[in-house]
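Asker: I am attaching a structure below and will ask some questions about it afterwards.
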Amino acid sequence: TLISMPDTNKKEAFKLAIREFHERSLPDLVERELSVPLDAEKVVTLYGPRRVGKTYYLYQLINFLIPLHGKERIIFINLEDERLLPLDVKDMRLLVEAYYELYPENRKKPVYLFLDEIQVVEGWETFVRRLDESRKFRLFITGSSARLMSREIATSLRGRTLPYQLLPLSFSEFLRFKKLEYDLPLVKYSGIRFDIKKALEEYLEWGGYPEVAKADKDIKVEILKSYFEMIVFRDLVERFSIRNSRFMKFLLKYLLTNISNL
């Protein structure tokens, strides 16, 4: 059992996470095609399978905002950060207090708050609704689809949300990951068509998960095996309280290996 830390310690942990975000550079990004509003008067919710790049998509949005508002009016918190755990919805007020203690000059300015993996916080809906009602924050939240489905989000936030689903890479996004730049009308006359054909074969064989797309061929299988355990098997078992997990695993493997016979 995790022991909850005192409020003062947790507030300091939030301050540290905020400062670290403001001091570090964002990673290199390949722009995704999904478009979401940056100044909506509703909570923007990003949901989808694990490992499709939801965190990196938040970084993409943050990259757009920094030139407009400066990084100090943006908060990004990974709620799976072990320094913050365990987290209860009552602890989340400490995040707001920590931010305003660091930046009191921003109390009357809109602040952009990005909360990654919101499902970690039991009862998160009440905190998000309260902040949304305050009109002081533009809220962006992510969660894995195992615990956060679009219909559940709409119910939890009572119509205050704009839900967006992020999926694995489309083929055009996959080509950008491979740094293959092309002019579509000229592709059939260019040597790059052979590179695009090779990329299509890889995409059809291995799929569009970003980590797999970047990995060397010899470790793609291991990554996909770990995804099978984490995404398909564990999430299904947890979400639907499946008791016979061994049979579930056998059934899924059977379906995957016999898909052409179905």
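Asker: For ILE62, state whether it is in a helix (DSSP H, G or I) and surrounded by fewer than 18 Cβ atoms within 10 Å (Cβ to Cβ).
Answerer: In short, no.
Asker: Further question: If you scan segment 144-160, which residues turn out to be within 17 Å of PHE240 (Cα to Cα) and either modelled with pLDDT of 70 or more or among the aliphatic types (A, V, I, L, M) (or both)?
Answerer: SER144, ALA146, LEU148, MET149
Asker: Can you find a residue that is modelled with pLDDT of 95 or more and either in contact with a Lys or Arg (Cβ under 7 Å, 6 or more places away or on another chain) or assigned to a strand (DSSP E or B) (or both) anywhere in segment 119-126?
Answerer: no
Asker: Oh, and also: If you check TYR227, TYR254, TYR203, which single one turns out to be under 30 Å from ARG176 (Cβ atoms) and either without any contact (Cβ under 8 Å) to a residue 40 or more places away in the chain or in the same structural domain as VAL30 (by TED's automatic domain parsing) (or both)?
Answerer: Exactly one residue qualifies, and that residue is TYR203.
Asker: Exactly one of (1) of a type outside the set (A, V, I, L, M, F, W, C); (2) surrounded by fewer than 15 Cβ atoms within 10 Å (Cβ to Cβ); (3) in contact with a strand residue (DSSP E or B) (Cβ under 9 Å, 6 or more places away or on another chain) is unmet by THR55. Its number?
Answerer: Going through (1) of a type outside the set (A, V, I, L, M, F, W, C); (2) surrounded by fewer than 15 Cβ atoms within 10 Å (Cβ to Cβ); (3) in contact with a strand residue (DSSP E or B) (Cβ under 9 Å, 6 or more places away or on another chain) one by one, THR55 breaks only (2).
Asker: Looking only at segment 85-107, count how many residues are at pLDDT 95 or above and outside any helix (DSSP H, G or I).
Answerer: Looking only at that region, the number is 2.
Asker: Tell me, which residue of segment 238-260 that is in a helix (DSSP H, G or I) and of a type in the set (Gly, Ala, Ser) is nearest to GLN119 (Cα to Cα)?
Answerer: So the residue we want is SER245.
Asker: Here's something else I'd like to know. Do you know which of the residues in segment 37-49 that are crowded, with 16+ Cβ neighbours inside 10 Å and out of contact with any Lys or Arg (no Cβ under 7 Å at 6 or more places or on another chain) is farthest from SER134 (Cα to Cα)?
Answerer: PRO49
Asker: Which one is farthest from ARG32 (Cα to Cα) among residues in segment 183-218 that are of a type in the set (Ser, Thr, Tyr) and surrounded by 15 or more Cβ atoms within 10 Å (Cβ to Cβ)? If you could, list the steps in order and put the result at the bottom.
Answerer: Filtering segment 183-218 down to residues of a type in the set (Ser, Thr, Tyr) leaves 189-190, 203, 209.
Filter once more, so that each one left must be surrounded by 15 or more Cβ atoms within 10 Å (Cβ to Cβ): 203, 209.
Working: TYR203: 16, TYR209: 13 Å.
Among those residues, the one meeting the criterion is TYR203.
The values are calculated or read from the model by the stated rules, or taken from the named source; none is laboratory data. Everything numeric here is computed off the predicted structure, so don't read it as measured data. We place every Cβ from the backbone using ideal geometry, glycine too, and count neighbours over all the protein chains shown.
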